[in-house]
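Derivation of every value follows stated rules applied to the coordinates shown; laboratory data play no part. This structure is a prediction, so every number in the text was calculated from the model and none was measured. Here the Cβ positions follow ideal geometry from the backbone for every residue, glycine too, while neighbour counts run over all protein chains shown.
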Amino acid sequence: MMDKHGQEITVKINGKERPFTTDKPIETNILENEKEAEPRPSASFQQKKRKKRSPIIGALNARIKSAIFSIMMAVIIGTSFGFIVLNVIPKEKEHSGQTLETELPVPAESKDPTRQAAESANEAAASSFTVSVIQAGVFTDREAAAAYARQLQSSAIPVVAVGEKPVALFIAVGSDKQQLQAINERYKQKTHSTYIKFLSFASTDRERKPVIKAGEALYREMAAISAILLGKGDVHKEEWKKLESDYKQFISQTLPNDDDIKRYVSHMKAAYNLLIAYKTNQQEELLQKTQQELLEALKSYISVFPLRS
C-alpha cells in the first residue's frame, strides 16, 4: 500500500500486516518476535523435570518405599508366626500329653490318702448300706421274668425277682464288685447276659431299727464270705470269728412288729446257719443256698428301704 508521504510495502506475518523494508534491524525484530511466539515448556513440567533429576529426592523415595516394604513383610511374618504358635504348637502339646497319659496311667494307690478318706466318708454319709449284685436281666413283663427265673434255678443258680415294672433278676450278692468277678465268669455260661451292679440304699439312722443296723454288718460279712468261697477263694479264721461275733450282736436285738423286717431276720438266720454248715462239710451246694437266702433277705430289705435312684 502507498500513502502520500512515500511508497511503503506491507506484508502479512502470522496474520499481522507489517511494513516491509530492506533494513536488517526490522528483520531481526521479526525473527525475535517469531522466537518469542514459539511455545515454551510450562513451569510445572520443568519443575517435574527438576524433581525427577534431583538425586536427593530419588534416594528419599527409595528409602520410604524400602521402609514400607519392610514393615509390610514384618507384619506378614509376625502374623504367620503367631498363627503357627496359636494353632499348631498347642495341638502338638495336647497330643503328646494324651500319649503320656495313655502310656503311663496313674495307679489307684497313688491317690492322696486324705482325699480317699474324705471320699469314703462322703460315700458313707450318702448311703448307710451298700452291696453289689450280679443282675441277670430286667423285664417289663413279670411273667417273662418268672419264666426265666425258673430256668436259672434249674441250672442251680440262685435267683430272686426284685421290683414290679420293670422286674430285675439278681443271681448273686457280695460286699463289693471285685468279689463277684469269679462267680460272674461261671454264671455267664448258663445265662443270656449278666451285669455286676452296685446298690446303695437311702435310709437314715432314725429310720433304721437296732436289728437293721446290726443286720447290715452281718449281711455284708456273710455276702463277702459266701461270694469268696463260691469264687474258689480263701477265708481267714479272723473273718469266721468276726462273723460269729456279728451274728450274736444281731440276734440280741429286739424284733419289731413288722412283717418285712421279720422276713428279713428269718432269711438272715437261715443264711448264717447254712454258711456255718459249709464250714463243717465244705459242700458247694450249701454256699448256693446261702446266696439264695441272702438274696431273699435283700429283697425284704428293699421293701423297707428303697434303692437310691
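Look at the alpha carbon pairs under 8 Å that are at least 6 residues apart: their mean separation over the length of region 127-304 gives a relative contact order of 25 percent.
Need the full-extension length gain, LYS177 to HIS192, defined as separation in residues times 0.36 nm minus the C-alpha distance. One decimal, nm.
So the chain would gain 3.4 nm between LYS177 and HIS192.
Mean separation of Cα pairs under 8 Å and 6 or more residues apart, divided by the residue count, gives region 142-223 a relative contact order of 22 percent. Put simply, when 64-71, 187-194, 243-250, 130-137 are sorted by average Cβ atoms within 10 angstrom per residue, most first, you get 130-137, 243-250, 187-194, 64-71.
Label positions at ASP260 and ALA67, each projected 7 Å from the Cα along the C-beta direction, are separated by 9.0 nm. Amide H contacts of GLY137: LEU169, each under 5 Å away and 5 or more positions distant or on a separate chain (H built 1.01 Å from N in the peptide plane; Pro and chain starts excluded).
As a calculated quantity, the FRET efficiency between LYS279 and ALA146 at R0 = 45 Å, using C-beta atoms, amounts to about 0.85. With each label modelled as a point 7 angstrom along the Cα→C-beta vector, the ILE77-SER154 pair spans 8.5 nm. Fully extending the segment from LYS232 to LYS248, taken as 0.36 nm per residue of separation minus the present Cα-Cα distance, adds 3.0 nm. Computed about its Cα centre, the charge dipole of region 127-304 is approximately 100 debye, with only Lys, Arg, Asp and Glu carrying charge at their Cβ.
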